[in-house]
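**Student:** Okay, here's the structure, questions in a sec.
FYI, it's all coordinate maths here, none of it is from the lab. All values derive from a computational prediction rather than experimental measurement. Methodologically, a virtual Cβ is constructed for each residue, glycine included, from the backbone with ideal geometry; neighbour enumeration extends over all protein chains shown.
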Amino acid sequence: MCRIAGIANKNLPLPAIEQMVTKMCNLQQHGGPDDAGIHTCAENNLVLGHRRLALLDLSASGHQPMTYCNRYVISFNGEIYNFPELKNELIKTGMAFRTQCDTEVILAAFARWNTQSFAKLKGMFAFALFDTVEKDLYLVRDSSGIKPLYYSATETSIEFASEIRAFAALENKNENKIWPVLQLAYGHIPEPSTTLQDVKPLHKGCFYKYNLSTGAESYQSFNHYSYSDCITDTLCAKASIKNSLHLAVGRHLLSDAPIGVFLSGGVDSGIVTTVASDYQSKHLKTLSLYFNEAQFSEKEYQDSIIAQIQCKHYQHLLTENEFGESFPAILNAMDMPSCDGVNTWFISKYAKQQGLKAVLSGIGGDELFGGYPSFNRLSIATRLQRLPSRILLEAKQSADKRANRLSYLYLEGIKGLYLFLRGQFIPRQIAAQLGMSEKQVWSILEEHPVLPSLSKLLCKNKASWMELNMYMQNQLLRDADVMSMAHGVEIRVPFLDDEVIKTALSISSDIKYKGIIPKQVLIDAFKNQLPETVWNRKKMGFSLPFNEWMRESIFIKDIMENKNATARNNYKKFREGKLHWSHLMSLIILQTRRVN
């Protein structure tokens, strides 16, 4: 896990490019505290930069950017979990290796199989690979979009980095004026928009090829997932789930540096923890948060899992005082705006304090197996979406907050459904907050983002697609990456292993979503390993007592009360219990980040 950056520009002197790339890397130093490197291709005016978080082959031979056969050079962020198998396969074809790290395997695989190699990589990754002979620069991102990669390209230049903040090293990047609208509507900025004009994320499961001689570019998918009903037997489904997750967790424990597991007390983290204990037995380290506020604490569920496995467990009491002291640093750690991620910041901080450099997380289980309320609510929302547009738009004038949200169903397809189910402020409120017309807000939301038609998907698979590709992609994974890397810690997600995803998407909906409790088939697959107190209870989620703590924060009060009347009014609503803490987070981000 690392941070990468690079620039190729025909119109700038090489020393200037080297200086900018160095600055881009320094702005991402938190995500790569162990080493730094720059590689210059003088004849192409290309500079690749790297900040390293060493997890495999901790020696100097893992230094990046890395070259291979004097032809290929790479700057790589991520982990390739099947690199030992690929390495053995490549050795049989005559390829030679000098390191024990996965980075060199990517290079050798490309040298042998060219772009067909990308689909062979199993893991989380975002990298830039340059072919010095063909003058082709490849930007590549993993199939689940776990690792971020942003870029900007013209006919004469290309710039890229792991974080948006790195582009502050460049003078030609301007603010994207629509991002506040998207943030207030979604609680995050959905891909492919960012806070900067002309800077966009690379699509997951895709590679972008840019020729440094001609400026020619191409975009191609190398892997994508689709839903099917291949597995129609319940016993087969449970066996496939259990087998794929066992193998996935084993792969994700691959590390030459200390590694642990986040244990929230829920089903998904409980499964990951119990399976990991099969591999590491007494050596497993787990981390948990708990609170004095009993209604938010999951300590009893964490304890029930710990009691039946042998591990070294660290439980950390998070207090209101620590939250208040840390809140400014948390806001500063954000790269792209998000209304959440604070919990990940704290648990990653504790992981760092315990000497861990990587941790496993349960992200993905809810999205794949139906753990959210949206899986039951989407069918109702779809029926409501068929109401006449006139009725839907009239709902925005209602005094009832829930009725107000009906107006979002005016937007067609999954976009309207998502905003109805998960959106924050409605267009009328956004317009008032930003000092623009409601018509302008509707226009922006209609145009951004462009989403596919999901009419052929069954309703609950449609909910799964929505949660995977919108909520998880744009918020959970982004928060997990940025907030963990703020402490130089890597988060790994076994539920998003390629084989686990393929297994989940191939199970018939009649089996996958059947049961009296959410994720019944997943729970049944691991019922003998999970305590009943963990799975037979109301879902809490990994949350914090934000409402209480944020009401008492002087820092937040100063931000909100010293702004415009709309901001003050919203803060007043929050203090009165009429506004959720996540909505207030979006307003705080708006006040602290927006360029006026």
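**Student:** What pairs from Lys282/Lys462; Lys200/Lys512; Lys285/Lys519 go past 31 Å between their alpha carbons?
**Tutor:** Table pairs above 31 Å Cα-Cα are Lys282/Lys462; Lys200/Lys512.
**Student:** Something else about it: Between region 121-160 and region 1-60, how many Å separate their Cα centres?
**Tutor:** 14 Å
**Student:** Please give the net charge around Gly145, taking every other residue with its beta carbon less than 12 angstrom from that of Gly145, where Lys and Arg add +1 and Asp and Glu add -1. The partial results should precede the final answer.
**Tutor:** Details: positive: Arg141, Lys147, Lys204, Arg478; negative: Asp142, Glu191, Asp481.
Charge balance near Gly145 sits at +1.
**Student:** Further question on the same structure: I'd like the distance between the alpha-carbon centres of region 244-298 and region 367-440, rounded to an integer number of Å.
**Tutor:** First find each Cα centre; the distance between them is then 36 Å.
**Student:** At 0.36 nm per residue, minus the direct Cα-Cα distance, what do Asn536 and Glu175 gain on full extension? Give it in nm, one decimal, please.
**Tutor:** 125.2 nm
**Student:** Would you please classify the overall shape of the chain from the alpha carbon gyration tensor, given that a ≥ b ≥ c denote the square roots of the eigenvalues, rounded means a/c under 1.5, and beyond that prolate means a/b larger than b/c while oblate covers the rest?
**Tutor:** On the way: a/c = 1.44, a/b = 1.16, b/c = 1.25.
Judged from the Cα gyration tensor, the chain comes out rounded (a/c under 1.5).
**Student:** Still on this structure, please answer the following. Charges at C-beta only: +1 for Lys and Arg, -1 for Asp and Glu. How large is the resulting dipole of region 545-596 about its Cα centre, in Debye rounded to 20? Write down the numbers at each step before the final one.
**Tutor:** Values: 10 positive and 5 negative charges, 44 e Å.
Value, rounded to 20: 220 debye.
**Student:** Please list, by residue number, every one of the GluC sites (Glu not before Pro) in region 486-584 that is coil in DSSP and has at most 13 other beta-carbon atoms within 10 Å. The partial results should precede the final answer.
**Tutor:** On the way: sites: Glu490, Glu499, Glu532, Glu548, Glu552, Glu561, Glu576; in loops: Glu552, Glu576.
Filter output for region 486-584: Glu552, Glu576.
**Student:** Further question: For Arg383 and His224, compute 0.36 nm times the residue count separating them, minus their Cα-Cα distance, and round to one decimal in nm. If you can, show how the numbers build up before the last one.
**Tutor:** On the way: separation 159, 0.36 × 159 = 57.24 nm, distance 2.92 nm.
Taking 0.36 nm per residue and subtracting the Cα distance, the gain is 54.3 nm.
**Student:** Explain nothing, just compute: Karplus ³J(HN,Hα) = 6.51 cos²θ - 1.76 cosθ + 1.60, θ = phi - 60°, for every residue of region 360-370 in order, whole Hz, x for Gly and Pro.
**Tutor:** Values per residue, Gly and Pro as x: 8, 10, x, 4, x, x, 5, 5, 7, 10, x Hz.
**Student:** Let me ask another. Assign one of three labels to region 469-537, namely rounded, prolate or oblate, based on the Cα gyration tensor with a ≥ b ≥ c the square roots of its eigenvalues; rounded applies when a/c is under 1.5, prolate when it is not and a/b is larger than b/c, and oblate otherwise.
**Tutor:** Here region 469-537 falls in the prolate category.
**Student:** So if R0 is 51 Å, what FRET efficiency would Gln440 and Asn528 give, r being the distance between their Cβ atoms, rounded to the nearest 0.05? Don't skip to the answer; put the middle values down first.
**Tutor:** On the way: r = 56 Å, r/R0 = 1.10.
Efficiency, rounded to the nearest 0.05: 0.35.
**Student:** What size of dipole, in debye to the nearest 20, comes out for the chain about its Cα centre when the only charges are +1 on Lys and Arg C-beta atoms and -1 on Asp and Glu C-beta atoms?
**Tutor:** Numbers: 66 positive and 59 negative charges, 276 e Å.
With only Lys, Arg, Asp and Glu charged at Cβ, the dipole is about 1320 debye.
**Student:** What number, in percent, do you get for the relative contact order of the chain if the mean sequence gap of Cα pairs under 8 Å and at least 6 apart is divided by its residue count?
**Tutor:** On the way: 1097 pairs, mean separation 94.7, N = 596.
Answer for the chain is 16 percent.
**Student:** For the chain, what does the helix formula give at 222 nm: sum of -39500 (n - 2.57) over DSSP H segments with n ≥ 4, over the residue count, nearest 500 deg cm²/dmol? Can you show the working numbers first?
**Tutor:** Details: 26 runs with 243 residues, N = 596.
Per the formula, -11500 deg cm²/dmol.
**Student:** Here is a further query. What distance in nm separates the simple spin-label points at Phe555 and Leu235, each placed 7 Å from Cα in the Cβ direction?
**Tutor:** Distance between label points: 5.6 nm.
**Student:** May I ask what percent, to the nearest 5, of DSSP beta bridges between residues of the chain are antiparallel? Walk me through the intermediate numbers first.
**Tutor:** Numbers: 55 of 71 bridges.
Counting DSSP beta bridges with both partners in the chain, the antiparallel share is about 75 percent.
**Student:** A further question follows. Which parts of region 123-140 would a label at Arg71 reach, counting a residue when its backbone N lies under 13 Å from a point 7 Å out along Cα-to-Cβ?
**Tutor:** The answer is 130-136.
**Student:** Between Gly260 and residues 5 or more places away or on another chain, which pairs have amide H atoms under 5 Å apart, with H built 1.01 Å from N, and which residues are they?
**Tutor:** Ala358, Val359, Leu360
**Student:** In whole Å, largest first, what are the principal axis extents of the Cα atoms in region 545-596?
**Tutor:** The principal-axis extents, from largest down, are 31, 18, 18 Å.
**Student:** Would you grab the residues whose amide H sits under 5 Å from the one on Asp497? Only those 5+ places off in sequence or on another chain, please, with H modelled 1.01 Å from N.
**Tutor:** none
**Student:** With Kirkwood's inverse mean 1/r over C-alpha pairs for Rh, give me the Rg to Rh ratio of region 330-371, two decimals please. Mind showing how you got there, number by number?
**Tutor:** Values: Rg = 12.8 Å, Rh = 12.2 Å.
With Rg and the Kirkwood Rh in hand, the quotient comes to 1.05.
**Student:** Give me the distance in nm between label points sitting 7 Å out from Cα along the Cα-to-Cβ direction at Arg112 and Gln310, one decimal.
**Tutor:** Once both label points are built, they end up 3.9 nm from each other.
**Student:** Quick check: net charge around Glu104, other residues with Cβ under 12 Å of its Cβ, Lys/Arg +1 and Asp/Glu -1? Show your work: numbers first, answer last.
**Tutor:** Values: positive: Lys87, Arg98; negative: Asp57, Asp102.
After counting each charged neighbour, the total is 0.
**Student:** How far apart, in nanometres, would the label points at His580 and Arg402 be if each is projected 7 angstrom from Cα along the Cα-to-Cβ direction?
**Tutor:** 1.4 nm
**Student:** Further question on the same structure: Can you tell me what share of the DSSP beta bridges in region 1-143 is antiparallel? A percent to the nearest 5 is fine.
**Tutor:** Values: 32 of 33 bridges.
The answer is about 95 percent antiparallel.
**Student:** Right, here's the next one. Within region 421-494, which trypsin sites (Lys or Arg not before Pro) sit in a loop by DSSP and count at most 16 neighbouring Cβ atoms inside 10 Å? Each step should come with its number before you reach the end.
**Tutor:** Working: sites: Arg422, Arg428, Lys439, Lys456, Lys460, Lys462, Arg478, Arg492; in loops: Lys456.
Answer by residue number: Lys456.
**Student:** Okay, next question. Could you tell me which residue out of Gln315, His246, Leu289 lies farthest along the dipole of region 244-333 toward its positive end? Charges go on the beta carbon: Lys and Arg +1, Asp and Glu -1, centred on the Cα centre.
**Tutor:** After comparing all options, I get His246.
**Student:** Given the Cα-Cα distance of Thr214 and Ser61 and 0.36 nm per residue of separation, how much length would full extension add, in nm? Spell out each step's value before the answer.
**Tutor:** Values: separation 153, 0.36 × 153 = 55.08 nm, distance 3.38 nm.
Taking 0.36 nm per residue and subtracting the Cα distance, the gain is 51.7 nm.
**Student:** Hey, if you put +1 on the Cβ of every Lys and Arg and -1 on every Asp and Glu Cβ in region 2-221, which of Ile4, Ala36, Met95 ends up farthest toward the positive end of that dipole?
**Tutor:** Toward the positive end, the furthest listed residue is Met95.
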